[in-house]
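Take a look at the structure set out below.
Just so you know, all these numbers are worked out from the coordinates, no wet-lab data involved. Computed from a predicted structure; not experimentally measured. Positions of Cβ are generated from backbone atoms using ideal geometry, with glycine treated the same way; all protein chains shown enter the neighbour counts.
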Amino acid sequence: MSITKVVIPAAGLGTRLFPATKSQPKEMLPLGRKPMIQLVVEEMLQAGLWKVLVITGQKKRAIEDHFDAADGDLFGEGESATDGLLPQFYFRRQAAQRGLGDAVNHAKEFTGSEPFAVALGDCIIDGDGPAPLMCRLLEAHCSKGAAATIAVQQVAPEAVSSYGIVVPEGDTEATFRIRDIVEKPSMAQAPSHLAVAARYVFQPEIYDFLGRTEPGHGGEIQLTDAIKLMLGEGLRVWCVPLAPGERRLDIGSFKTYAQAFFSMMLRDPELGAELRDYVHGLLD
Ligand code: G1P
């Protein structure tokens, strides 16, 4: 099974980053020289996912404008990250903020009867694993014959209420199956500290479950709840943990945005050394 399509939900209002994102998409915030969403697309190209549907909404037109230049300028030769593969973009608007599950449901016509990946547009997977994380997810999904495959990461106990949290079947060292999942549980009710890490692969059956998912956490249609329904009906859901050398960089808050920006800028091939000296100077 060859998977070439990815859905990038990017319709969220970014209220936690106001006023920086009052009139521009948070996904266009730069991490070093490139906007976040371009780095997400490059991550997807590394895994051979070149048909890209971005779910947009109000104030997100800058994303479409940015990728208009994808004729070689952005992803052309010399961009080793993309292996010479050029993306083909599609855009669909989510008119109302009804949740991540609702956003993914807007991809139904785009993905049709094919399996597809989902990559949240406000974070990247940085660092080195045995292979890029999305490649490992696709490989696990196909070899296990999974209905859904999810990237997960260990988080601190006090952070569980910001994530979807999974309930593993057994050993969680390598690829593992789960028996339940819950969106943003309290610390006291969290069944584990393994959090959904913004990357997924689905069989098209996910749409049957999304169609039956009632509003959940925050009154929104949660992707996590659709996966929970899948598990309830006996479908197989597998997880791939982030490798020790990998981490998720996100722009969910000013703190994580600043961390992500520094991480990328301080290793800029041209300016990184000079900027590291500058930061040392500031700290002294
Ligand atoms: C979303 C998902 C959540 C997941 C998180 C990070 O939450 O609903 O399950 O753990 O992304 O991938 P959000 O950060 O959009 O509130």
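When the charge dipole of the chain is built from unit charges on Cβ atoms (+1 for Lys and Arg, -1 for Asp and Glu) and taken about the Cα centre, the candidate among Tyr90, Ser192, Pro269 whose Cα reaches farthest toward its positive end is Ser192. Of Gly281, Leu39, Thr213, which is farthest towards the positive pole of the chain's charge dipole, taken about the Cα centre with +1 and -1 on the beta-carbons of Lys, Arg and Asp, Glu respectively? Most positive-ward Cα: Thr213. Would you please classify the overall shape of the chain from the alpha carbon gyration tensor, given that a ≥ b ≥ c denote the square roots of the eigenvalues, rounded means a/c under 1.5, and beyond that prolate means a/b larger than b/c while oblate covers the rest? Rounded shape, in that the Cα axes give a/c under 1.5. Among the GluC sites (Glu not before Pro) found in the range 152-255, those both in a DSSP coil and sparsely packed, with 16 or fewer other Cβ atoms within 10 Å of their Cβ, are Glu169, Glu173, Glu205, Glu233.
Distances between placed amide hydrogens fall under 5 Å for Val152 paired with Ala197, Val240, Leu242, all partners being 5 or more residues away or on another chain.
A cut-off of 5 Å between modelled amide H atoms, ignoring neighbours fewer than 5 places along the same chain, links Ile181 with Val167. Cβ crowding within 10 Å, taken as a proxy for footprinting-reagent exposure, orders Phe18, Phe202, Phe110 from fewest neighbours to most as Phe18, Phe110, Phe202. Here the spin labels are modelled as points 7 Å beyond Cα on the Cα-Cβ line, and at Arg276 and Asp171 they lie 3.8 nm apart. Return the single residue from Gly164, Gly145, Gly245 with maximal mean-square fluctuation; model: Gaussian network over the chain, springs between Cα atoms under 10 Å. Among Gly164, Gly145, Gly245, the largest GNM mean-square fluctuation belongs to Gly245. Using the structure shown, list the pairs from Lys5/Lys228; Lys144/Lys255; Lys22/Lys51; Lys59/Lys255; Lys228/Lys255 with a Cα-Cα distance above 27 Å, or answer none. The pairs that break the limit, which is 27 Å between Cα atoms, are Lys144/Lys255; Lys22/Lys51; Lys228/Lys255. In order along the range 5-22, the phi-based Karplus estimate (6.51 cos²θ - 1.76 cosθ + 1.60, θ = phi - 60°) of 3J(HN,Hα) comes to 9, 9, 10, 10, x, 8, 9, x, 7, x, 4, 5, 10, 5, x, 4, 10, 4 Hz; Gly and Pro are listed as x.
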